[in-house]
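Scroll down for the structure; my scribbles are underneath it.
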Amino acid sequence: TMGRLDQLALPFYEKEQDVEYVKELTHLYMLEIDAIKASANLPFAIAGTDGDGKSQVNAMSYILLDAYAATKLPNTKLHILCNPDMPRDFLTTCMQCVKSGGNSLVFINNQLMVDGLVKLGVNRQDAAGYAIVGCYEASAQEEVPCSCASRMSLPKALEVTLHGGKDGMSELMLGHAVPADFDSFEALYQAFLANVKLFADQSMEMTDYYEKHYPMVHASPFFSACLSSCVENGGDAYADYAARYNNTSVNAIGLGTVVDSLYAIRKLVYEDHRLSLQELVQILDNNWEGQEVL
């Protein structure tokens, strides 16, 4: 992430007399970061609030947004940290970017992000100064986030639920060994959630094991020198866990697929009674052979 660029650039803007020169530099900067064509994009965020909930939209917010709108960057992701008192003209420009196409704007519910970080144990002032990492993960000030440390498949959790805890292809026991003869959708759903929790617990266990080896593989002295908490603690952000916050996330993959799947099961089996659950599982195992219309 490039962080909250409007906040980071504001002190330099305030010392520059030539505003047109700032706009020209900002435009060139947009072209430069887009030319890198980073595979996971190069996200940056603007707007948001301070610790008291006051809007942080400033002159650089407008300049960055205007430059972004003019250059129409497909490889650079701009996060708009939205709050109710965001200036109307600023939001209008955001909407014009969407309407004209060619941009990759992401609208973030600022208050939900801040409250979520506070729930994880982050000081509200540090939470308010969060940046967006990668796609949509929030990283507080003085935090070392590790997003995508592991991935777990929600559709696979449903698959093993429908097969009594076994993988549908390998027949390895991956989930809870519970008979798959659920007499209600709620019973099926609760069994599915139990397997989701099992997958999450296993993912976190593997991630913990991996992170115990950080001192050997992941020391980052130059990065650590940029965090005041690491300097104060005299330690490395990763190898010594010297940053003020260290949050590792597990990615749950396939949410849309599993929602569609659960709805289809509820409709076909438990509401319309067109098939029994075992009949549907057999059709799935046969890859719809002879049931193409269904």
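The values are calculated or read from the model by the stated rules, or taken from the named source; none is laboratory data. This one's a predicted model, so the numbers in the text were calculated from it and none came from an experiment. For neighbour counting, all protein chains shown are included, and Cβ atoms are generated from backbone atoms with ideal geometry for every residue, glycine included. These area figures cover heavy atoms from the full protein model, side chains too; ligands, DNA and RNA do not enter into them. Shrake-Rupley method; radii C 1.70, N 1.55, O 1.52, S 1.80 Å.
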*Inspect all residues belonging to segment 31-48 and state whether any of them is of a type in the set (Ser, Thr, Tyr), touching a helix residue (DSSP H, G or I) at 6+ places or on another chain (Cβ under 8 Å) and either modelled with pLDDT of 90 or more or not in a helix (DSSP H, G or I) (or both).*
no
*Those residues that are over 17 Å from Leu280 (Cα atoms) and surrounded by 13 or more Cβ atoms within 10 Å (Cβ to Cβ), I need them from segment 191-205; list them, please.*
Ala191, Ala194, Asn195, Val196, Leu198, Phe199, Ala200, Gln202, Ser203, Met204
*Check whether at least one residue in segment 14-23 is touching a residue at least 40 places away in the same chain (Cβ under 8 Å), surrounded by 17 or more Cβ atoms within 10 Å (Cβ to Cβ) and either hydrophobic (A, V, I, L, M, F, W, C) or part of a loop (DSSP other than H, G, I, E, B) (or both), and report yes or no.*
yes
*Criterion (in a helix (DSSP H, G or I), of a type in the set (Val, Ile, Thr), surrounded by 13 or more Cβ atoms within 10 Å (Cβ to Cβ) and touching a residue at least 12 places away in the same chain (Cβ under 8 Å)) met by exactly one of Val250, Val258*: Val258
*Enumerate the pairs (first residue in segment 266-294 and open to solvent by less than 90 Å² (accessible area, probe 1.4 Å); second residue anywhere and of a type in the set (Ser, Thr, Tyr) and in a loop (DSSP other than H, G, I, E, B)) with beta-carbon separation below 7 Å, excluding pairs fewer than 6 apart on the same chain, so at least 6 apart or on different chains.*
Val269/Ser276; Tyr270/Ser184
*Is segment 197-219 home to any residue that is over 23 Å from the mean Cα position of the chain (by Cα), among the small types (Gly, Ala, Ser) and modelled with pLDDT under 95?*
yes
*Restricting attention to segment 173-190, and to residues there that are of a type in the set (A, V, I, L, M, F, W, C) and surrounded by 11 or more Cβ atoms within 10 Å (Cβ to Cβ), which single residue is nearest to Lys267 (Cα to Cα)?*
Phe185
*How many residues does segment 224-239 contain that are surrounded by fewer than 17 Cβ atoms within 10 Å (Cβ to Cβ) and at pLDDT below 90?*
0
*Quick one: what pairs do we get from segment 185-206, first residue on the phi > 0 side of the Ramachandran plot, second modelled with pLDDT under 95 and not in a helix (DSSP H, G or I), C-beta under 7 Å, 6+ apart or different chains?*
none
*Looking only at segment 207-232, which residues are assigned to a helix (DSSP H, G or I), out of contact with any helix residue (DSSP H, G or I) (no Cβ under 6 Å at 6 or more places or on another chain) and without any contact (Cβ under 8 Å) to a residue 40 or more places away in the chain?*
Asp208, Tyr209, Tyr214, Pro215, Met216, Val217, Pro221, Phe222, Phe223, Val231, Glu232
